[in-house]
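This is the structure, below, for whatever I ask next.
The values are calculated or read from the model by the stated rules, or taken from the named source; none is laboratory data. What you see is a predicted model, and the numbers here were worked out from it, not measured in a lab. Remember, those area values only see protein heavy atoms, side chains included, never the ligands or the DNA or RNA. Shrake-Rupley method; radii C 1.70, N 1.55, O 1.52, S 1.80 Å.
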Amino acid sequence: MVTVSRSSVFQRNLLLSIGGIFLLFAICFCIYQYQREKEYKIDILHSRLQMYNYDIMQVLGEDGITSRHQFLSYVRQHPLKGLRVSVIDRQGRVLLDSNEPHPDSLDNHLGRTEIQQALRDGNGFDLKRTSQSTHETYFYSATRFKRVIVRTAVPYSAELTQSLRADNTYIYFSIALTLLLGSVLYISTRRISRHIGYLREFAIKAENGEPLDHELERHLPDDELGDISHTIIMLYWKLRHAEEDKARLKRQLTQNAAHELKTPAMSIHGYLESILDNPDMPEDKKKHFLERCYAQSERMNKLLLDMSALTRLDEMDANHFRNSEEYQQVDVVQIVRSILDDTALALQEKGITPRLKMPPQVIIAADASLIYSIFRNLIDNVIAYATDASLVEITCKPVVRDNSGLYEFSVSDNGPGVEPQHLEHLFERFYRVDKGRSRKLGGTGLGLAIVKNAVTVHGGTVTALPTPGGGLTVRFTLQA
């Protein structure tokens, strides 16, 4: 019941947050589009009147435009319904007006909006201004020429008002699209919430050691969330039905995996719930919460990748590996140098200097990705846990054991090292020397387990021992 309730809250908050953002976007889009449509219609009318202004000036010229006879003759020959044409000098005096036989009686037009724009920009317009002489409402469009300004005006008839009205079709389209996407969003959030609830229920049951049925697995979606859930569930069933001598280890893996996943999942849920429940939260605090969510998701992702790598290694043995298509000749030195390049910044920040004591080339038959994982996990382990270390040394030398040629590698640091009682447990899954400290540093507890399994797959052995003078040394062999 608690799971369902929390899932419903998560769904509601997710739906409201995403839906609210989309609705706000749709409203802003409609307002913007309405304004844009209206401006477009006004620009069309203004352009048509500007063309008329240029035509009358082109036909009559600077001299003929001031002749009342020629001016009125042109206006009568080119009639537009309700059109009013005026000729105004640069001081704002009306020289001629098609609707006013005595233009001298008209007020000075210098302060009119369209005249000011024309004097400044070459042309201008004004919307819905009532004429003081005719008491009609006009749309004015003025054009500045060398000596005069030609202004045309059309009255606001029902036809003109309709032509200037913005097309509202996009509003209906936006409403329909909003409803459609809202429905899709509701279905998606409900689906995500339901499957998170299933996954949480599984994690809680696994952590508490309760019986787990196959019903949960039938609810899994066919997407990334389903893949993650399926991976966790399949790991559990594989561990449960494993060999007797590995039963304890594999039960521990499942319980720890559930615990490790639950912690970042609940952290992410808590941070997101805080953000959604507090819309007025300061931006710096909200950014901090989102950064913590990202860090926890990265931790979950690394844990799942490490668990997947261990599962893959469990399915392998040395014979299977050498007979597989993954067999290839790799240069270990080149891989190590690549890792040192990848971790150079982290090493520098920790004040750790890498030292490489290896031949120019070390060629072995191996899986390049697993060899990379071995050295990368060991170097990452030094960066994360070798507090106050100033040196990490990587060595390689050929050895012969049981008539077999091997390469013996070691990765050593001069940090504080590990107490002797912990050395034999370092390669166990989820084993932590200091549980609280290790978790804060972001480790998954699987890095050295991956190292051990990858070395075993390549027919080698691995041990951990103190570095003379202080520190930890991991020594392992790989078949030449």
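Probe radius 1.4 Å, ligands and nucleic acids ignored: give me the carbon and sulfur share of the accessible area of region 1-134 as a rounded percent. Kindly include the intermediate steps, with their values, before the conclusion.
Working: 4740 of 8270 Å².
The nonpolar share, carbon plus sulfur, comes to 57 percent.
Could I ask something else about it? Under 5 Å between amide H atoms, partner at least 5 residues away or on a different chain: which partners does E136 have, H built in plane at 1.01 Å?
Amide H neighbours of E136: S131.
Quick check on region 338-480: take the gyration tensor over C-alpha atoms, sort the square-rooted eigenvalues as a ≥ b ≥ c, and tell me if it's rounded (a/c under 1.5), prolate or oblate.
prolate
Given K38/K287; K286/K452; K287/K350, which pairs have Cα atoms separated by over 31 Å?
From K38/K287; K286/K452; K287/K350, over 31 Å: K38/K287; K286/K452.
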